[in-house]
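Please read the structure below before turning to the comments.
The values are calculated or read from the model by the stated rules, or taken from the named source; none is laboratory data. Everything numeric here is computed off the predicted structure, so don't read it as measured data. Every residue, glycine among them, receives a Cβ derived from its backbone with ideal geometry; neighbour counts consider all protein chains shown. Each accessible area value is taken on the protein alone, full model and side chains, heavy atoms only, with ligands, DNA and RNA left out. Shrake-Rupley method; radii C 1.70, N 1.55, O 1.52, S 1.80 Å.
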Amino acid sequence: MLGAAPSAAEVFEVIHPEIRKDGFELESLNAVVLSEVARGDERSVHELALSYAPLSFWKPTVALEIANPESESAEVEAYEFESLFLLPLGGAGAGHDHDHGHDHGHDGAASYALGLYTALGIPNTGGIGKAVATVGPVGEVTWGPVATIGNLFVDLPFEDGVDAGLSYALSVSTGIGGGIDAGVEAFGAVDEAFGNAPPLDQQEHFVGPALYGDFDLGRGRILEPRVALLLGWTDAAPDAVLSFNIELKF
């Protein structure tokens, strides 16, 4: 899932509409709150995810979320089952194995890709009755050296009496050389967006700079580290979160 604050046991990730048929991906997603955290609230959250794409347009993923509360022991928070479906459109091969730092064109031509993301998150406490289903589009547009990726999701709680929410993620990046990209990311979530939505200052929204790496390890293995410093600009969001993810494709 995207963009929620670590206090809700979420990590930060922008989903790319990219699929490599017969490819595996192993991810470690991590978020650490740098500002003050009350005892029992999450100081950090972590997710381990493994995906395999049996088809050129479908990539399922299984994931395990771990929360690390302040002054308490780490615990398994939730299990996730995700799918990315690549829609049959796009230009210049966009969406198929498009990695940071590799395919940004310099001739002014645009490329684009669109996918559909679905997920089911089942908390370790409460089970399926407290689960949340997520669905929405993921898109990418590359124009010259600049790549823009956006996600917009509807979050559907299984719990009775809780209305659907919205979450989003956005990144804009460009290559700076040496297999490194620099960019800006934004994340946010609105609980019960279609019902009793909270006022803006009670929502959680973040924005901040990010760096991306793309390194060919040989034998078909690609390592893609990412680090971002995300600053909360609403009262409900932590002041600062360090988000760092590592993805290995093989």
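Residue-by-condition table, conditions (1) open to solvent by 60 Å² or more (accessible area, probe 1.4 Å); (2) under 17 Å from the mean Cα position of the chain (by Cα); (3) at pLDDT 95 or above:
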{"site": "Ala53", "(1), (2), (3)": "no, no, yes"}
{"site": "Trp58", "(1), (2), (3)": "yes, no, yes"}
{"site": "Ser83", "(1), (2), (3)": "no, yes, yes"}
{"site": "Gly93", "(1), (2), (3)": "no, no, no"}
{"site": "Gly101", "(1), (2), (3)": "no, no, no"}
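List pairs: first residue in segment 226-250 and among the acidic types (Asp, Glu), second residue open to solvent by 60 Å² or more (accessible area, probe 1.4 Å) anywhere in the structure, Cβ distance under 8 angstrom, at least six positions apart or on different chains.
These pairs meet every condition: Asp235/Asp201; Asp235/Gln202; Asp239/Leu34; Asp239/Leu231; Glu247/Leu26.
May I ask you to list pairs of residues, at least six apart or on different chains, whose Cβ atoms are under 7 Å apart, with the first in segment 58-77 being aliphatic (A, V, I, L, M) and the second being surrounded by fewer than 19 Cβ atoms within 10 Å (Cβ to Cβ) and not in a strand (DSSP E or B)?
Ile66/Ala74; Ala67/Ala74; Val76/Asn124
Given (1) in a loop (DSSP other than H, G, I, E, B); (2) of a type outside the set (Asp, Glu); (3) touching a residue at least 40 places away in the same chain (Cβ under 8 Å), where does Ala193 come up short, assuming only one miss?
Going through the list (1) in a loop (DSSP other than H, G, I, E, B); (2) of a type outside the set (Asp, Glu); (3) touching a residue at least 40 places away in the same chain (Cβ under 8 Å), Ala193 breaks only (3).
Can you tell me which residues in segment 27-81 are touching a helix residue (DSSP H, G or I) at 6+ places or on another chain (Cβ under 9 Å), assigned to a loop (DSSP other than H, G, I, E, B) and among the hydrophobic types (A, V, I, L, M, F, W, C)?
Passing the criteria: only Val37.
Residues that are more than 23 Å from Pro198 (Cβ to Cβ), modelled with pLDDT of 95 or more and among the polar types (S, T, N, Q): does segment 117-133 have at least one?
Yes, because at least one residue in segment 117-133 is more than 23 Å from Pro198 (Cβ to Cβ), modelled with pLDDT of 95 or more and among the polar types (S, T, N, Q).
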